[in-house]
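The next block holds one structure in the form of structure tokens; read it before the comments.
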Amino acid sequence: MQGGRLGARVGLAPIPLASTTFINRGRELAALEDLLPTHPILTITGPAGCGKTRLAVEFAKRHAHKFAGYVVWVDLTAVSSPALMPQTIASALGIRERSGQPLMETLAEHLRDRPCLLVVDDCDHHAKAVGSLAATLTRAAPDLRILATSRELLGARDERVVPLSPLEVPPAANPY
């Protein structure tokens, strides 16, 4: 996907622009919309290539207004260690570490008093670390919502899962 902004404030990680048309995912989009108000951690799960990222992009685009444009995309594709998770999220949020303050405390403080949708893409290799971090942050920041994409469950207590299956391919027309 190509990078681009989606109403996000300056300095925040850009929401990728969709490179494909959004089709046949109305049921899953509605499930995410129903869960958003009451569940702080939503995870789109499914096999590789089934459209998890595309659904997350569409959801973020349609719901940016609910977060006053404070929607932040965190791509974990290149993150090599779960220990780098707080730094990766801080970087996406444009937050710098403060001397003498744990980074998780700085993140929680930054997110505490503002609505924010944090989209964490490609959690596959660090699902448990993302789940732990998500649980900590959503407890500290009541208006924070986290939307994750992963082949694995995050394992967070407040996590709600929206499973995604591959789209069915219509049968080819018989030329005879």
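Looking at (1) open to solvent by less than 10 Å² (accessible area, probe 1.4 Å); (2) under 14 Å from the mean Cα position of the chain (by Cα); (3) within 16 Å of residue 40 (Cα to Cα), which is the only condition residue 111 fails? With respect to (1) open to solvent by less than 10 Å² (accessible area, probe 1.4 Å); (2) under 14 Å from the mean Cα position of the chain (by Cα); (3) within 16 Å of residue 40 (Cα to Cα), residue 111 is out only on (2).
Each residue in the stretch 30-71 was checked for being surrounded by fewer than 20 Cβ atoms within 10 Å (Cβ to Cβ), in a helix (DSSP H, G or I) and out of contact with any strand residue (DSSP E or B) (no Cβ under 6 Å at 6 or more places or on another chain), and 9 of them qualify.
Every test in (1) more than 12 Å from residue 75 (Cα to Cα); (2) in contact with a Leu (Cβ under 9 Å, 6 or more places away or on another chain) is passed by residue 101 save one, and that test is (2).
Set side by side, the residues 133, 147, 137, 118 differ, and just one is in contact (Cβ under 8 Å) with a residue 60 or more places away in the chain and in contact with a helix residue (DSSP H, G or I) (Cβ under 8 Å, 6 or more places away or on another chain), which is 147.
Among the numbered conditions (1) out of contact with any helix residue (DSSP H, G or I) (no Cβ under 9 Å at 6 or more places or on another chain); (2) among the aliphatic types (A, V, I, L, M); (3) surrounded by 15 or more Cβ atoms within 10 Å (Cβ to Cβ); (4) farther than 14 Å from residue 44 by Cα, the only one that residue 104 does not meet is (1). Could you check, for the stretch 82-98, whether at least one of its residues is assigned to a loop (DSSP other than H, G, I, E, B) and under 19 Å from residue 143 (Cβ atoms)? Yes, the stretch 82-98 contains a residue that is assigned to a loop (DSSP other than H, G, I, E, B) and under 19 Å from residue 143 (Cβ atoms).
The values are calculated or read from the model by the stated rules, or taken from the named source; none is laboratory data. None of the values given here were measured: they were computed from a predicted structure. All Cβ positions, even for glycine, are placed from backbone atoms using ideal geometry, and neighbour counts span all protein chains on display. The accessibility values were calculated without ligands, DNA or RNA, using every heavy atom of the protein model including side chains. Shrake-Rupley method; radii C 1.70, N 1.55, O 1.52, S 1.80 Å.
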